[in-house]
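**Q** Supplied in structure tokens, the structure appears directly below.
The values are calculated or read from the model by the stated rules, or taken from the named source; none is laboratory data. This is a predicted model, so every value here is computed, not measured. Backbone-built Cβ (ideal geometry, glycine too); neighbour counts: all protein chains shown. Ligands, DNA and RNA are excluded from the accessible area calculation, which covers all protein heavy atoms including side chains. Shrake-Rupley method; radii C 1.70, N 1.55, O 1.52, S 1.80 Å.
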Amino acid sequence: MTAHAKLSASGAHRWMACPGSVNAEAGLPDQSSSFAQEGTKAHDLMERMLTKKHIRVGAYDLEMWEHVESYVSYVRGQKKPGDALFIEHRVDFSEWVPDGFGTADTILLGDDRIQIVDLKYGKGVKVYAEHNPQAMLYALGAYADFGFISNFKTVRMSIVQPRLDHIDEWE
């Protein structure tokens with residue numbers, strides 16, 4: 001079972017707008033949906049593609065394969081020679097949010113930049129990078145984890161929603 005932070009990055013849009021929602025949800029069972037399960041499966045495929053792990057034939061349908069491949073192509077296009085690449089990396093932003101942590105889909109570290117690339121597999125609502133609470137918390141966590149290795153000057157947050165043919169970036 002995956003650990004979830006009470007003040008998670010993925011729920012930041014909610015708990016930042018309505019702090020009382022944290023207490024209101026306390027004790028409720030952690031429920032999933034077919035949409036969440038589909039997103040989890042897409043993220044698994046993304047991780048396998050980027051890390052070149054074994055991919056089970058027939059485990060993913062062609063539509064998912066094509067959409068996730070577009071995310072992977074975007075990440076590979078953003079990666080410059082010498083960049084460090086972290087996939088499904090747990091970040092700790094508890095310096096800013098009590099007990100705050102989350103899992104960033106992709107982190108790219110260059111000489112002077114941190115880039116967060118978030119895969120959104122949903123097709124209902126476009127998600128934008130500018131002032132995106134989840135991406136900003138992942139960036140803080142990446143800075144907390146890796147800030148000592150370089151004098152980062154730029155943080156770029158990218159949202160890739162392949163099913164909506166939507167890519168948004170913010171620095």
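**Q** Once you place label points 7 Å from the Cα toward the Cβ at K41 and L62, how far apart are they in nm?
**A** 1.6 nm
**Q** Give me the Debye-computed log₁₀ of I(q)/I(0) at q = 0.17, 0.26, 0.28 Å⁻¹ for the stretch 29-94, equal point scatterers on Cα only, no solvent, two decimals.
**A** Here log10 of I(q) over I(0) equals -0.74, -1.21, -1.28.
**Q** Go through I159, I167 and list them by solvent-accessible area, largest first, probe radius 1.4 Å. Write out the running numbers ahead of the final one.
**A** Details: I159 0, I167 90 Å².
The most accessible residue leads, giving I167, I159.
**Q** While we're here: Under a plain spin-label model, where a point goes 7 Å from the Cα along Cα-to-Cβ, how far apart in nm are N151 and K52?
**A** 3.5 nm
**Q** Another one. Using 13 Å as the cut-off for backbone N distance, which residues of the stretch 140-171 belong to the label zone defined by a point 7 Å from the Cα of E130 along Cα→Cβ?
**A** 168-171
**Q** Report the gain in length on full extension from K80 to L164: 0.36 nm times residue separation, minus Cα-Cα distance, nm rounded to one decimal. Before the final figure, lay out each step's value.
**A** Details: separation 84, 0.36 × 84 = 30.24 nm, distance 2.60 nm.
Residue separation times 0.36 nm, minus the Cα-Cα distance, leaves 27.6 nm.
**Q** Continuing with this model, one more query. From the square roots a ≥ b ≥ c of the eigenvalues of the alpha-carbon gyration tensor of the stretch 37-147, which class results: rounded (a/c under 1.5), prolate (a/b over b/c), or oblate?
**A** It is prolate, given that a/c is not under 1.5 and a/b is the larger ratio.
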